[in-house]
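Everything below concerns the one structure shown next.
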Amino acid sequence: MVLCHHGLVFSQQKELEALDALQTLSLKDNARALTELQSRAALFETSAFDEVKRVYLSTLIGAEFDAGRPDRAQAAIDRLLALSQATKDDIGIVLANTAAAHRQASSGQVREAIVRLNSVEAAALRSADPEALWIFHLVMGSLQNTTGMFEPALAHILESMDFARARPRQSQASLLRSQVQLGLVYMSMKNGEKALKTISDAMLIARSLEAVSIMGALSLNRGNIASSMGRHDTAIAAYQAALDIGQRSGQTGLQAAALNNIGDIHLIRREYAKAEPIERRAIAKYLEAGDAAGAALSRANVGFALMGQGRIDEGTTEVKAALAFLRSAGARTTQEIILEELSRMYEQAGRFREAVETVREQQILSKELFRSDREQAVARLQEQFNSVQRERQIEALASANKLKDAEIHNRRLMQTATAIGMAVVVVVGGVIALLYRRTRRANHALQEAKLEADKALSDKSIFLATASHDLRQPIHAMSMMVEAIGLRNKSPAIAPLLVDLKSSMNAMRQLFNALLDLSKLETGMTAVRAVPVSLPSMLGEVAKMFREQAVLGGLDLRLHLPRRHAVVLADPILLRQALANLTHNALRYTRKGGILLTVRRRGDDWLIEVWDTGMGIATGDDHQVFSPYYRSPDASQVDSAGYGLGLAVVARCAKLMNATCGLQSRLGKGSRFWLRLCAVDTPWGAAAPGLDGPTGAEATAWKPLSGRCLVLDDDLQVIAAWKAMLEGWGMQARFATTAAEAFAHLEQGFLPDAIFCDQRLRSGESGFDVLRQLLACCPGASGAMVSGELNSDELTKAEDDGYLVFRKPLDLAALHAVLESWLRRRESDLVATDSVES
């Protein structure tokens, strides 16, 4: 019996090794591997071992998919699922369902595929098998990336890489497939550097395994990155390499993707006649591979090629059919890309009404995507913050308990030593030393854990601070487009909707500013400068900022200032930020009555108070209101309730200025928030600069402008938004994506009164350098930088040199006021010049 058992084990091992060899062969030559699998099907299907049957069917499914034969893959999936259910094999159930989910996603049923995967998550965890867990996380991450859920997708792909390394067989091949998907996620997140690094790492593994098919996918991804950087010749070469690999290895899906992307480059170059036949070939290959979603994307490209050739209606029909399919499939990220291109094509064809309608549809979709990501991000940050707080409390208790236990043990040991006598002093000393070393090690471990928790908070803040540009860009474009639509709207039925949309845009802008203000403070990006500050002047500016908002809300905003000079030692920027946040918070939660800003002397300090007659705060909640992301349970009653960040910024500002802050409140009666700062006995003070007039969301009626404006920005959607808004204000405008285009406008005789340059340009040029060169050629013009970046040396230098820097998304009231001031000054200069000449 023992010999028979060993013989069976040897037979099973031999069959599994044969399948392992075929899996490796499929990476090099999938067609040959598929032939081998079919020729040995009888051997594996009649095996005495269920594991062999499972591995055989799983290998067959992958080979059939790579060969572009989804129907045959589905037949193998059905057989694997029946086998696994009969044998109650969790691993097989996971493998069959992930393959079925992949098939569903390829046919456009992405939501259904995610539901299917969620249904087998418990089986994957129960199996504790590296292969099952690897494939589950890999496919789930791929599907979430398709639906625009980039952060969860990234987490799943990284998990899949860990399980790939743990596989006893095919570890490197599994890791390779995970890295391919990781590169795709980074590309979706617009992180080109990480995507290229991931592709390079994956290419090394692919070459070591001679994985020709994977090398084709990596060439495809490399071409995508080159295309996004504007290197179209490099991109076409990479796509052609992927196409050649796909043709040699018989991978229909790879051929389809390569053809689609080559056609896409021709569309970018406006070579529409070349693009159309290539995209039609791509559709045929996608359908042959059973990838309906890919075919829809190529169909949209065929539509764009037709529109570019002047066949607008015919092209629109193709694009809208593709959008309908993608909408039903839940592929929102792809929908957004197609809508953006469709609006551009409408504008190019002179169909501006359709262009505006398409932009509106895209903005709604972008808003949904942003809201989803925002809610996930805020929830994740809140969870991280709470987790860190809990860990710190646990660590503190553990440390206290361990130290107390050590103290008790030491005391008892010393008593025992005294009772027994000097004979055991050496032994007791050794025990005490051992306990001391253990306590010291425990304290060291606690300190390391604390440092790790602090690093987690720091990493979160650094992410928020450095990701500002990519986050602000779509909101920047949307706010200007909404303004442009409002200027052109003649329908009273649409006016209330535009007001609501402007309010929503302003809320998103405030969320960005609050998040990024907090992250700047937490990461130390804000340098503290303590100087004498006049409180009457400072509070007067803050009241002026919010006076219009208070009037619109039917509230009374009053000041009560001391008769003598009230001067404190503070950073004027931080103090202004803290007072603005307190005043805005009071306005937000007050429905009737008013807000009072007061200053009173308290010993050697000045006490600044913000009183309101608002909803108040429950006694149990008052100690939490200065914590990040905390919102009172009663905040849901207020439509304009914030995100729990404003008061956290106040607390951080106060700490940086060595001030104290606090509150008193009665639920249903109102609140009193206060700041206490050190008084300076001097009759003068310097106040931080303030803004005049209402902020962007409140200003709705604009004075018409008359002048010429030049805008340099590499984002076509942002340019379209600038164009619509400036023309609505009455400005003549020209637009450029590179410095060469901007100077071409000057050479054609267009002399601007105002110039706006984006800092980050895809061409690699510095927006600040270009702005200075343009202003040197246009002595009478004024100029400003526009950027979504926070921590840029060039922008700091620009501000130090006296240049105006606007942060995205733009405050449109401030922008209009600046333009009006520049044009008025320009007109005065021209009048003065004419007088001198006459």
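The table for this structure:
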read-out	value
Cross-chain or 6+ apart pairs with Cβ under 8 Å, the stretch 558-577 first and modelled with pLDDT of 85 or more, then open to solvent by 60 Å² or more (accessible area, probe 1.4 Å) and part of a strand (DSSP E or B)	PRO562/ARG600; PRO562/ARG601; ALA566/ARG601; VAL568/CYS678; LEU569/CYS678
Any pair with Cβ under 6 angstrom, 6 or more apart, that starts in the stretch 306-334 at a residue that is within 23 Å of PRO277 (Cβ to Cβ) and ends at one that is open to solvent by 60 Å² or more (accessible area, probe 1.4 Å)	LEU306/GLU314; GLU318/ARG299; ALA322/ARG299
Condition broken by ALA814, with the remaining ones in (1) within 20 Å of GLY707 (Cβ to Cβ); (2) surrounded by 20 or more Cβ atoms within 10 Å (Cβ to Cβ); (3) in contact (Cβ under 8 Å) with a residue 40 or more places away in the chain satisfied	(2)
ILE245, sole failed condition from (1) within 30 Å of ASN118 (Cβ to Cβ); (2) surrounded by fewer than 24 Cβ atoms within 10 Å (Cβ to Cβ)	(1)
Cβ pairs under 7 Å, 6+ apart, first in the stretch 55-79 and of a type in the set (D, E, K, R), second not in a helix (DSSP H, G or I)	ASP66/GLN251
In the stretch 78-101, the residues that are buried (at least 20 other Cβ atoms within 10 Å of the Cβ) and not in a helix (DSSP H, G or I)	ASP89
Residue ranges of helices (runs of 4 or more DSSP H) in the stretch 1-48 with at least 3 members open to solvent by 80 Å² or more (accessible area, probe 1.4 Å) and modelled with pLDDT under 85	2-28
Hey, ARG509 open to solvent by 60 Å² or more (accessible area, probe 1.4 Å), modelled with pLDDT under 75 and within 30 Å of SER792 (Cα to Cα) or not	no
Helices (runs of 4 or more DSSP H) (entirely within the stretch 102-177) containing at least 1 residues that are under 20 Å from THR198 (Cβ atoms) and in contact (Cβ under 8 Å) with a residue 24 or more places away in the chain	130-146, 150-166
Failed item in (1) open to solvent by less than 20 Å² (accessible area, probe 1.4 Å); (2) over 22 Å from ARG601 (Cβ atoms); (3) at pLDDT below 65, with ALA688 passing the rest	(2)
Qualifying positions in the stretch 549-564 - assigned to a helix (DSSP H, G or I) and at positive phi	none
Matching residues in the stretch 301-319 - criterion: being surrounded by fewer than 16 Cβ atoms within 10 Å (Cβ to Cβ) and either part of a helix (DSSP H, G or I) or on the phi < 0 side of the Ramachandran plot (or both)	GLN309, ASP313, GLU314, THR317
Counted residues, the stretch 593-612 - those being more than 38 Å from the chain's Cα centre (by Cα), open to solvent by 30 Å² or more (accessible area, probe 1.4 Å) and not aliphatic (A, V, I, L, M)	7
Residues within the stretch 140-172 that are open to solvent by 20 Å² or more (accessible area, probe 1.4 Å), more than 20 Å from ALA206 (Cβ to Cβ) and hydrophobic (A, V, I, L, M, F, W, C), tallied	5
Residue match in the stretch 696-704 (condition: out of contact with any Pro (no Cβ under 8 Å at 6 or more places or on another chain) and modelled with pLDDT of 85 or more)	yes
Residue check for GLU799: surrounded by fewer than 17 Cβ atoms within 10 Å (Cβ to Cβ), among the acidic types (Asp, Glu), closer than 30 Å to ALA740 by Cβ and at pLDDT 75 or above	yes
In the stretch 540-550, the residues that are under 36 Å from the mean Cα position of the chain (by Cα) and not polar (S, T, N, Q)	GLU541, VAL542, ALA543, LYS544, MET545, PHE546, ARG547, GLU548, ALA550
Filter result (within 15 Å of ILE268 (Cα to Cα) and not β-branched (Val, Ile, Thr)) within the stretch 226-238	ALA226, SER227, SER228, MET229, GLY230, ARG231, HIS232, ASP233, ALA235
Cross-chain or 6+ apart pairs with Cβ under 9 Å, the stretch 728-753 first and without any contact (Cβ under 8 Å) to a residue 40 or more places away in the chain and of a type in the set (Lys, Arg), then in a loop (DSSP other than H, G, I, E, B) and open to solvent by less than 30 Å² (accessible area, probe 1.4 Å)	ARG734/PHE750; ARG734/PRO752
Selected residue (only one of SER298, SER328 is part of a helix (DSSP H, G or I) and surrounded by fewer than 24 Cβ atoms within 10 Å (Cβ to Cβ))	SER328
From the options GLY310, GLY230, GLY246, GLY303, residue that is out of contact with any strand residue (DSSP E or B) (no Cβ under 9 Å at 6 or more places or on another chain) and within 20 Å of VAL180 (Cα to Cα)	GLY246
ARG231 over 22 Å from ALA155 (Cβ atoms) and not hydrophobic (A, V, I, L, M, F, W, C)	yes
Search result, residues across the stretch 65-76 that are closer than 20 Å to SER249 by Cα, open to solvent by 10 Å² or more (accessible area, probe 1.4 Å) and within 38 Å of the chain's Cα centre (by Cα)	PHE65, ASP66, ALA67, ARG69, PRO70, ASP71
Residue within the stretch 770-780 that is part of a strand (DSSP E or B) and not hydrophobic (A, V, I, L, M, F, W, C) present	no
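This table checks each residue for (1) modelled with pLDDT of 85 or more; (2) under 21 Å from LEU579 (Cβ atoms).
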site: GLU609; (1), (2): yes, yes
site: ALA618; (1), (2): no, no
site: HIS623; (1), (2): no, no
site: ARG631; (1), (2): no, no
site: LEU647; (1), (2): no, yes
site: LYS655; (1), (2): yes, yes
site: SER665; (1), (2): yes, yes
site: LYS669; (1), (2): yes, no
site: TRP674; (1), (2): yes, yes
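The values are calculated or read from the model by the stated rules, or taken from the named source; none is laboratory data. Note that the structure is predicted; figures quoted are calculated from it, not measured. Virtual Cβ from ideal backbone geometry, glycine too; neighbours counted across all protein chains shown. The accessibility values were calculated without ligands, DNA or RNA, using every heavy atom of the protein model including side chains. Shrake-Rupley method; radii C 1.70, N 1.55, O 1.52, S 1.80 Å.
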